[in-house]
1. Kindly establish whether ARG124 is among the charged types (D, E, K, R), surrounded by fewer than 17 Cβ atoms within 10 Å (Cβ to Cβ) and in contact with a helix residue (DSSP H, G or I) (Cβ under 8 Å, 6 or more places away or on another chain).
2. Pull up region 1-33, narrow it to residues that are small (Gly, Ala, Ser) and at pLDDT 90 or above, then point me to the one that is farthest from the chain's Cα centre (by Cα).
3. Looking at (1) within 15 Å of the chain's Cα centre (by Cα); (2) more than 29 Å from VAL247 (Cα to Cα), which one does ILE36 not meet, given that it meets all the others?
4. Is one or more of the residues making up region 142-159 out of contact with any Asp or Glu (no Cβ under 9 Å at 6 or more places or on another chain), farther than 17 Å from MET208 by Cα, part of a helix (DSSP H, G or I) and among the acidic types (Asp, Glu)?
5. I'm told ASP147 meets every condition in (1) in the same structural domain as VAL7 (by TED's automatic domain parsing); (2) more than 15 Å from the chain's Cα centre (by Cα); (3) of a type in the set (Asp, Glu) except one. Can you identify the failing condition by its number?
6. Looking at region 180-193, I want the residues that are at positive phi and have a partner that is part of a helix (DSSP H, G or I) with Cβ atoms under 8 Å, at least 6 apart or on another chain. Which pairs are those?
7. Report, ordered by the first and then the second residue, all pairs with beta carbons closer than 6 Å, sequence separation of six or more or different chains, a first member in region 106-135 that is closer than 25 Å to GLU162 by Cα, and a second member that is at pLDDT 75 or above and among the basic types (Lys, Arg).
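The values are calculated or read from the model by the stated rules, or taken from the named source; none is laboratory data. Here the structure is a predicted model, which means the values were calculated and not measured. Cβ placement follows ideal geometry from the backbone for every residue including glycine, while neighbour counts extend to all protein chains displayed.
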Amino acid sequence: MKPLLQVEHLSVQFGGLKAVDDVSFEIWPNEVFSLIGPNGAGKTTIFNLISGLYQPSSGFITFEGEKISALAPYEIARLGIARTFQNIELFEHATVLQNLLVGRHCHRHTNWLQDLLFTPATRRAEMQFRRTVEEVIEFLDLQHYRDQMVGGLPYGVRKVVELGRALAMRPKLLLLDEPSSGLNVEETEDVSFWIEDIKHDLGITVLMVEHDMGLVSRVSDRVLALNQGEMLTLGTAAEVQAHPDVVEAYLGGAEDDPPPPTPRPTGGGDGSSPPAGGSMSHAASGLGRPGAGGGQ
């Protein structure tokens, strides 16, 4: 079996800033592979390189044996790579159904004249697109929202609609950019179930950027930790969280350098409470998401 995606010695530089520096990894078919790291680590930049929004300064990306580093985003989408965005990118004045149909656009093979005359070929394509989108609506339980305008939907539902638009492309590789961002505990749990179903039921490989280590630990087969554009370590979620370089990147050496003494509090208390963020298990459970991993 060959890797589905190969990233080899990938680097990109913006002016004097090296956002990604000599990063290499492979993603295997039917795997959930996660990228983690502090803000500015280069995670979303790697997504933009894979999806063709950025061109690498050096190195290359191979998808199913074909180099895609120089391809346009629409060409990469046609090969079978779909993505979501950290900030929701939907047409707010269109319905859920219409937004999902946009995901089928890259597979349209009719020309503008056929579409204008609504020829039999166009009708057949539209019917096939509609069947695919209805399957996605059922998969994500969006039946209730099918004909509603996206702009009037709750934030959590809009996140699901964006996931649905990517699934409507019938991708082989799905890029999820912080799928739990802005969601509550129950919504994040739903995301974990959907990712598992996307992998097991739909057979889609997933590459995910995520700050919520609870979600990462539940769904990931392997995790790559980054910091300042460079690779720190690659392994299972537990191995990566325990790695000293990852602890250092997230906590800034808090476990090696004791905090300076603090004055005894006035008005009660003994001042013995430990400083916030003093353990990896606490800090990594949210990694930037306030309240992540908390009880209901």
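1. Details: among the charged types (D, E, K, R): yes; surrounded by fewer than 17 Cβ atoms within 10 Å (Cβ to Cβ): yes; in contact with a helix residue (DSSP H, G or I) (Cβ under 8 Å, 6 or more places away or on another chain): no.
For ARG124, the condition - among the charged types (D, E, K, R), surrounded by fewer than 17 Cβ atoms within 10 Å (Cβ to Cβ) and in contact with a helix residue (DSSP H, G or I) (Cβ under 8 Å, 6 or more places away or on another chain) - is not met.
2. Residues of region 1-33 small (Gly, Ala, Ser): 11, 15-16, 19, 24.
Add one more test, that the residue is at pLDDT 90 or above, and what stays is 11, 19, 24.
Working: SER11: 20, ALA19: 18, SER24: 18 Å.
Within region 1-33, the match that is farthest from the chain's Cα centre (by Cα) is SER11.
3. Of everything listed in (1) within 15 Å of the chain's Cα centre (by Cα); (2) more than 29 Å from VAL247 (Cα to Cα), ILE36 misses just condition (2).
4. Scanning region 142-159 turns up no residue that is out of contact with any Asp or Glu (no Cβ under 9 Å at 6 or more places or on another chain), farther than 17 Å from MET208 by Cα, part of a helix (DSSP H, G or I) and among the acidic types (Asp, Glu).
5. Tallying (1) in the same structural domain as VAL7 (by TED's automatic domain parsing); (2) more than 15 Å from the chain's Cα centre (by Cα); (3) of a type in the set (Asp, Glu), ASP147 fails exactly one: (1).
6. GLY182/TYR155; GLY182/GLY156; GLY182/LYS159
7. CYS106/ARG78
Yes/no per residue for (1) surrounded by fewer than 16 Cβ atoms within 10 Å (Cβ to Cβ); (2) modelled with pLDDT of 85 or more; (3) farther than 25 Å from LEU215 by Cβ; (4) not assigned by TED's automatic domain parsing to the domain that holds THR233:
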{"residue": "PHE47", "(1), (2), (3), (4)": "no, yes, no, no"}
{"residue": "LEU53", "(1), (2), (3), (4)": "yes, yes, no, no"}
{"residue": "SER58", "(1), (2), (3), (4)": "yes, yes, yes, no"}
{"residue": "THR62", "(1), (2), (3), (4)": "no, yes, yes, no"}
{"residue": "LEU71", "(1), (2), (3), (4)": "no, yes, yes, no"}
{"residue": "GLU75", "(1), (2), (3), (4)": "yes, yes, yes, no"}
{"residue": "ASN87", "(1), (2), (3), (4)": "yes, no, no, yes"}
{"residue": "ASP115", "(1), (2), (3), (4)": "yes, no, yes, yes"}
